[in-house]
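Novice: A single structure is presented below for examination.
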Amino acid sequence: MTIAAHTLGCKLNFAETSDIVRTFTLNGWTQVDFDSAADLYVVNTCTVTAVAEKKCRNAIRQAVAANPNAIVAVIGCFAQNSADQIAKIEGVDIILGNADKHNLYPVVERYIQTGGDKDACNTAASFSSFHLAYSHADRTRTFFKIQDGCDYFCSYCAIPFARGRSRSATIDQTVAMARQIADSGAKEVILTGVNTGTFGHQHGETLYGLIQQLDKIEGIERYRISSIEPNLLTDEIVNFVANSKKFLPHFHIPLQAGSDNVLALMHRRYDTAFYASLLERIKSVMPDACIAADIMAGFNGETDEEFGKVLSFVDSLPISYLHVFTFSERPLTAALRMDGRIPIHHRREHSRQLQELSDRKKQAFYVSQQGLTRPVLWESNNKDGMMYGFTDNYIRVRRPYEACLVNTVTPFTLSSLLDNEEVFVDY
């Protein structure tokens, strides 16, 4: 039997998909590419924006068209919040929300044995348990799920409804799985979660306590914290990363809005002054750190005047690049009950201008690093005789392929920048 999987959305989803597929392969199934003929197609979905949901529907229809006789299973956040919509797509056989998706293997086995289990839809929101997971496909790096759920309920966000309250394993349990990752040979681990900074709260533990223990594991050479809320990125974490040989100078710190008025409407837990001071603290101890930020364009109340403040504020920050999202109304969220809606064409225009600003920021960051020598972890892919990797501070580089360099960390001088590809080269 063959399984093909397609993942949409965040790094957390990629870790979970990999873990789910591994359950099948350990039971004798063979994984194939998503565009190949398969007996089972799994689509792990995202609901963060309307565009994400559209991509989910397209992926589902692609699976149905690829093999009309295959089992099609739709899991994850879009499945959790919008199972009724998915059920209307012809060819979908199984729908599992986030609370039950890790039980996909027995659900599929039962579906096969019964010739079509009529109860193969479960989106009951019982989010009491936590399931550690990590991605297996790339032996160079892995996404490690250390936390799930969120207690924040920002006014634009449907994810707490799709994934439940914040929860995690204990430090001891998490470290034990990290040792398994080390045994797999992966040199770089990206710590992922919905609200990573709340790790351990229900156990009386902290993310700071976890990273102190992870730093001691032999075999893992590099860690990145994929995303962390500004108010949870404490001075002790920043200082620890600055002095660690394993935790890298690379932060992903959601901003979401560059206006205090809009931040208040979003129910965010900081203001622009706090955010700016946080970045200043990071740069004071890690001048070459890469800092990425999520930002949303066109949220309620973001008038052209407010947006002018956003552009000015973001431009003043030592941000390396932005992840720009155009606001779209999400079911169940408080934003649906707010006034001050921004026309779609204004949202898109704001998004375009933010993306242009991001491009300029990234170019300036790359240029600031030109001439420096930084450590690079080399990836396994051979693309037209070239191999690629990322520096510790997340700058993309390439060089002629050498198999002996795969999954090793070597120094690389950032001398020649190809602007059109945003990559430093060594010929």
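Novice: Checking Gly219 against (1) in a helix (DSSP H, G or I); (2) at positive phi: exactly one of these is not met. Which one?
Specialist: It fails just one condition, (1).
Novice: Within region 377-413, can you find the residues that are in contact with a helix residue (DSSP H, G or I) (Cβ under 9 Å, 6 or more places away or on another chain) and crowded, with 19+ Cβ neighbours inside 10 Å?
Specialist: If the condition is that a residue be in contact with a helix residue (DSSP H, G or I) (Cβ under 9 Å, 6 or more places away or on another chain) and crowded, with 19+ Cβ neighbours inside 10 Å, then Trp378, Met387, Gly389, Thr391, Asn393, Ile395 are the ones that fit.
Novice: Shifting gears a bit: Could you list, in sequence order, all residues of region 173-202 that are of a type in the set (D, E, K, R) and assigned to a loop (DSSP other than H, G, I, E, B)?
Specialist: Lys187
Novice: Same structure, new question: Would you call Ala292 among the hydrophobic types (A, V, I, L, M, F, W, C) and part of a strand (DSSP E or B)?
Specialist: Values: among the hydrophobic types (A, V, I, L, M, F, W, C): yes; part of a strand (DSSP E or B): yes.
Here the answer is yes, as Ala292 does meet what is asked.
Novice: Scan region 14-66 for residues that are closer than 20 Å to Val92 by Cα, over 24 Å from the mean Cα position of the chain (by Cα) and not in a helix (DSSP H, G or I) and report the count.
Specialist: 5
Novice: Let me ask something else about it. Give all pairs with beta carbons closer than 6 Å in which a residue from region 12-28 that is over 20 Å from Leu191 (Cβ atoms) meets a residue that is at pLDDT 95 or above and not hydrophobic (A, V, I, L, M, F, W, C); count only pairs at least 6 apart in sequence or on separate chains.
Specialist: Close Cβ pairs satisfying both conditions: Val21/Gln31; Thr23/Tyr105; Phe24/Tyr105; Thr25/Gln31.
Novice: Has region 265-275 got at least one residue that is in a strand (DSSP E or B), out of contact with any Pro (no Cβ under 9 Å at 6 or more places or on another chain) and within 14 Å of Cys157 (Cα to Cα)?
Specialist: Scanning region 265-275, I find no residue that is in a strand (DSSP E or B), out of contact with any Pro (no Cβ under 9 Å at 6 or more places or on another chain) and within 14 Å of Cys157 (Cα to Cα), so the answer is no.
Novice: Step by step: first the residues of region 4-13, then only those that are of a type outside the set (Val, Ile, Thr) and closer than 19 Å to Phe144 by Cβ, then the one that is farthest from the chain's Cα centre (by Cα). Which residue is that?
Specialist: My answer is Ala5.
Novice: Let me ask something else about it. What is the number of the single condition among (1) acidic (Asp, Glu); (2) surrounded by fewer than 14 Cβ atoms within 10 Å (Cβ to Cβ); (3) touching a residue at least 60 places away in the same chain (Cβ under 8 Å) that Asp419 does not meet?
Specialist: With respect to (1) acidic (Asp, Glu); (2) surrounded by fewer than 14 Cβ atoms within 10 Å (Cβ to Cβ); (3) touching a residue at least 60 places away in the same chain (Cβ under 8 Å), Asp419 is out only on (3).
Novice: Okay, moving on. Just the residues that are closer than 19 Å to Lys362 by Cα and more than 23 Å from the chain's Cα centre (by Cα), please, taken from region 277-302.
Specialist: Result: Glu280, Lys283, Met286, Pro287.
Novice: Looking at region 148-172 only, could you name the residues that are in contact with a Leu (Cβ under 8 Å, 6 or more places away or on another chain), under 27 Å from Ala50 (Cα atoms) and assigned to a loop (DSSP other than H, G, I, E, B)?
Specialist: Within region 148-172, Ser155, Ala158 qualify.
Novice: Here is a further query. Of the conditions (1) loosely packed, with under 14 Cβ neighbours inside 10 Å; (2) in contact with a Gly (Cβ under 9 Å, 6 or more places away or on another chain); (3) of a type outside the set (Phe, Trp, Tyr), Val262 clears all except one; give me its number.
Specialist: Failing condition for Val262: (1).
Novice: Return the total of residues in region 233-246 being closer than 20 Å to Pro375 by Cα and in a loop (DSSP other than H, G, I, E, B).
Specialist: Residues flagged as closer than 20 Å to Pro375 by Cα and in a loop (DSSP other than H, G, I, E, B) within region 233-246 amount to 3.
Novice: Which ranges mark the strands (runs of 3 or more DSSP E) fully within region 359-427 that have 2 or more residues being more than 22 Å from the chain's Cα centre (by Cα) and within 23 Å of Val189 (Cβ to Cβ)?
Specialist: Counting at least 2 such residues, we get 373-378, 409-413.
Novice: Among the listed residues Pro254, Pro249, which satisfies the condition of being in a strand (DSSP E or B) and either touching a Gly at 6+ places or on another chain (Cβ under 6 Å) or assigned by TED's automatic domain parsing to the domain that holds Phe153 (or both)?
Specialist: Pro249
Novice: How many residues are assigned to a helix (DSSP H, G or I), out of contact with any Asp or Glu (no Cβ under 9 Å at 6 or more places or on another chain) and among the hydrophobic types (A, V, I, L, M, F, W, C) if we restrict to region 67-104?
Specialist: Qualifying residue count for the region: 6.
Here is a yes/no grid of residues against (1) more than 30 Å from Thr391 (Cα to Cα); (2) in a loop (DSSP other than H, G, I, E, B); (3) outside the structural domain of Thr49 (by TED's automatic domain parsing):
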{"site": "Lys309", "(1), (2), (3)": "yes, no, yes"}
{"site": "Asp315", "(1), (2), (3)": "no, no, yes"}
{"site": "Leu322", "(1), (2), (3)": "no, no, yes"}
{"site": "Phe325", "(1), (2), (3)": "no, no, yes"}
{"site": "Ala335", "(1), (2), (3)": "yes, no, yes"}
{"site": "Ile342", "(1), (2), (3)": "yes, yes, yes"}
{"site": "His346", "(1), (2), (3)": "yes, no, yes"}
{"site": "Leu354", "(1), (2), (3)": "no, no, yes"}
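Novice: Sticking with this structure for a sec: Given the conditions (1) more than 18 Å from Leu96 (Cβ to Cβ); (2) modelled with pLDDT under 95, and given that Thr2 satisfies all but one, which numbered condition is not satisfied?
Specialist: Every listed condition holds for Thr2 apart from (2).
Novice: Given (1) over 28 Å from Phe161 (Cα atoms); (2) buried (at least 24 other Cβ atoms within 10 Å of the Cβ), identify the lone condition not met by Trp29.
Specialist: Unmet condition: (2).
The values are calculated or read from the model by the stated rules, or taken from the named source; none is laboratory data. Because the structure is predicted, anything quoted here is derived from the model rather than measured. Virtual Cβ from ideal backbone geometry, glycine too; neighbours counted across all protein chains shown.
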